[in-house]
Structures are given as structure tokens and as C-alpha cells.
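The block underneath contains the structure these notes are about, expressed in C-alpha cells.
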Amino acid sequence: MGEEKKGQNEEPKPKNTGETKLLLLIAIAVLGRILMEPFPSVEPIIPIAVYAGLVYGADAGILVGLFSYPISNFFMLGGPFGLWTILQAAGGAISGGLAGNAKEVNTGALVTYSVIGTIIFELLLNFGDRVPFVWPFSYVHIVSNVIFALIISSFLKEK
């Protein structure tokens, strides 16, 4: 009778920690893009979506990439919605989703998938202009995303 039920004194675990982490990553991506607006084509959304994909899986990467662009567009000078919003969201989602299939979680994967994702993003956005890349904006976007990926890599738990 003096026996306690197993787990009775354990602290309850917070629910929805996965969703909380994804919402936090989306908020960081949106805020980062807003803060970087004065610098054309410098925005951290793709490396953050790639990070989410690497660490939490393809679904997480897709969600971070998919929602960060439309939400941030509410605060951007170009306005909240247009064809560009759909293309941006698709580019972000593809980037994060691809990273979710990486075999390793490390700095190299974060940088590689950020570059691949940024190239896909640029191809989607510039397709209407019939050019794959727009100088200097596409190149600034790729280089700045490598820098963001290297900064974000400090949060990876490499094995």
C-alpha cells in the first residue's frame, strides 16, 4: 500500500515543443528578413528553413520555408501578396524539404543545401524574366546565404 505509482512524482513534460520550436524558427526567419530589408537580396529564410529540415526533418523544413516568406511579406515594401509570394514560399519550402533528406547533419550539409535551395529559389523567381540569375541580386543572395548558413551552423550538434 505504501507503493507509489510509477511516474507519479515526475514533472509533466511540456506539450507541443516541436511546434514551439518551429514557430520560433519562423519568427526568427521573418524578423531576420525584415531587419535585412535595407540590404537587397540579403535574407536568412532559406538557411533557417534548411536548418529546420536538417534538424527536425523535411516536414519542418517545408513549413518554415513555406510560411516565412508570406508572413514577412506583410512587413516588406513590395506588399504582402502577389505571384512572387507563391514563388518565394515554394522556393523556401523546396529548400527546407530537400534538406530534410540529407544523410548527415553538419556544417557542410547546411551550407550545401542552403546554396542549392537559394539557386532553386532564384530560378523560380527569375523564370518570368527568362534569365536564371539577376546580377548582382542573385549572387548577393547566394553569398549572403552561405554566410548565414555558417553562422547558423554554430547551433548544430555535429557528431
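The values are calculated or read from the model by the stated rules, or taken from the named source; none is laboratory data. All figures in this text were calculated on a predicted structure; none of them were measured in a lab. Note: ideal-geometry Cβ built from the backbone for every residue, glycine included; neighbour counts use all protein chains shown. Keep in mind that these areas ignore ligands, DNA and RNA; they rest on the heavy atoms of the full protein, side chains included. Shrake-Rupley method; radii C 1.70, N 1.55, O 1.52, S 1.80 Å.
Quick notes on this structure:
- Condition broken by Leu24, with the remaining ones in (1) more than 25 Å from Val111 (Cβ to Cβ); (2) in a helix (DSSP H, G or I) satisfied: (1)
- As a summary of the residue check, Leu150 satisfies the conditions (1) surrounded by fewer than 15 Cβ atoms within 10 Å (Cβ to Cβ); (2) of a type in the set (A, V, I, L, M); (3) free of Cβ contacts under 8 Å to residues at least 24 places away in the same chain except for the one numbered (3).
- Residues located in region 27-68, provided they are outside any helix (DSSP H, G or I), in contact with a Phe, Trp or Tyr (Cβ under 9 Å, 6 or more places away or on another chain) and under 17 Å from Leu150 (Cβ atoms): Val42, Glu43, Pro44
- Scanning region 50-61 for residues that are hydrophobic (A, V, I, L, M, F, W, C) and surrounded by fewer than 23 Cβ atoms within 10 Å (Cβ to Cβ) yields Val55, Ala58.
- Hits in region 110-135 - residues which are of a type outside the set (A, V, I, L, M) and without any contact (Cβ under 8 Å) to a residue 60 or more places away in the chain: Thr112, Glu122, Asn126, Phe127, Gly128, Asp129, Arg130, Pro132, Phe133, Trp135
- Among the candidates Glu19, Glu4, residue that is part of a loop (DSSP other than H, G, I, E, B) and either modelled with pLDDT of 95 or more or not hydrophobic (A, V, I, L, M, F, W, C) (or both): Glu4
- Looking across region 82-122, the residues that are open to solvent by 40 Å² or more (accessible area, probe 1.4 Å), within 17 Å of Tyr56 (Cα to Cα) and among the hydrophobic types (A, V, I, L, M, F, W, C) come down to Ile94, Leu98, Val105.
One line per residue, one yes/no per condition, for (1) open to solvent by less than 10 Å² (accessible area, probe 1.4 Å); (2) within 25 Å of Leu23 (Cβ to Cβ); (3) part of a loop (DSSP other than H, G, I, E, B); (4) modelled with pLDDT of 95 or more:
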{"site": "Gly79", "(1), (2), (3), (4)": "no, yes, yes, no"}
{"site": "Gly128", "(1), (2), (3), (4)": "no, no, no, no"}
{"site": "Trp135", "(1), (2), (3), (4)": "no, no, yes, no"}
{"site": "Val146", "(1), (2), (3), (4)": "no, no, no, yes"}
{"site": "Lys159", "(1), (2), (3), (4)": "no, no, yes, no"}
